[in-house]
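To keep things clear, I will list the structure first and then write my remarks on it.
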Amino acid sequence: MSELTVTAMRFGILALLWAFVFSIVGVMRGDLYGARVVSRGTGRNARVASREQAARPARARRNSLSHLAVIEGSMRGITLPLSEGGILIGRNPECTLVLTDDFASGRHARIYAEGDQWFLDDLGSTNGTFVGHQRVGEHVPIGEGARIRIGTTVLEMRK
């Protein structure tokens, strides 16, 4: 082989080595800092939508649930108001309630309202979502005092 061929092979191997190093650094950065969050609510449409939502009459229900409280786990003491749009629970930064629980999936569960009733969906999580001691799937009705366990975190529905 000529000296030019050997030199070209050396530079090729060096380029592959650097590509490998950069890919490892990229994976580690994603694990350490999480997914990139893209802001979707900064334009004119978001301002118009927020004004329209504020102008809508509030649905005052006497027996409606209003909060989701973390009662066990590393985030104990946090309460989150329930909204008509629902709540997405998981480890991803895009979730409404971002859990710091290693046993929770990125997009673990969703709580949403249909009429006067609240429902819980497990979004295909690895470790499951439990109401009481029962593992749940999709469209499970939940009421006041329902305890939802996601990994080591326990949530409670409250008025």
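Some observations on this one:
- Per residue accessible area in Å² of the stretch 92-159, where ligands, DNA and RNA are left out and the probe is 1.4 Å: 51 Å²
- Solvent-accessible ranking of Met75, Met28, largest area first, probe 1.4 Å: Met28, Met75
- Of the trypsin sites (Lys or Arg not before Pro) found in the stretch 60-147, those that fall in a DSSP loop while having at most 12 other beta-carbon atoms within 10 Å are Arg61, Arg62, Arg76.
- Per the Cα gyration tensor, the stretch 79-159 maps to an equivalent ellipsoid with semi-axes of 18, 14, 12 Å, ordered largest to smallest.
- Extended-chain gain in nm, criterion 0.36 nm per residue less alpha-carbon gap, Leu16 and Thr152: 44.7 nm
- Residues with amide H under 5 Å from that of Phe103, placed H, sequence gap 5 or more: Thr152
- Residues with amide H under 5 Å from that of Arg147, placed H, sequence gap 5 or more: Gly132
- Distance in nm between pseudo-label sites at Val25 and Thr79 (7 Å out along the Cβ direction from Cα): 4.7 nm
- The calculated FRET efficiency for Ser64 paired with His133, based on their beta-carbon distance and R0 = 30 Å, is about 0.70.
The values are calculated or read from the model by the stated rules, or taken from the named source; none is laboratory data. Quick caveat, the model's predicted, so the values are computed rather than measured. Don't worry about glycine lacking a Cβ; one is built from the backbone with ideal geometry, like all the others, and counts go over all protein chains shown. Side chains included, ligands, DNA and RNA excluded: accessible areas come from the protein's heavy atoms. Shrake-Rupley method; radii C 1.70, N 1.55, O 1.52, S 1.80 Å.
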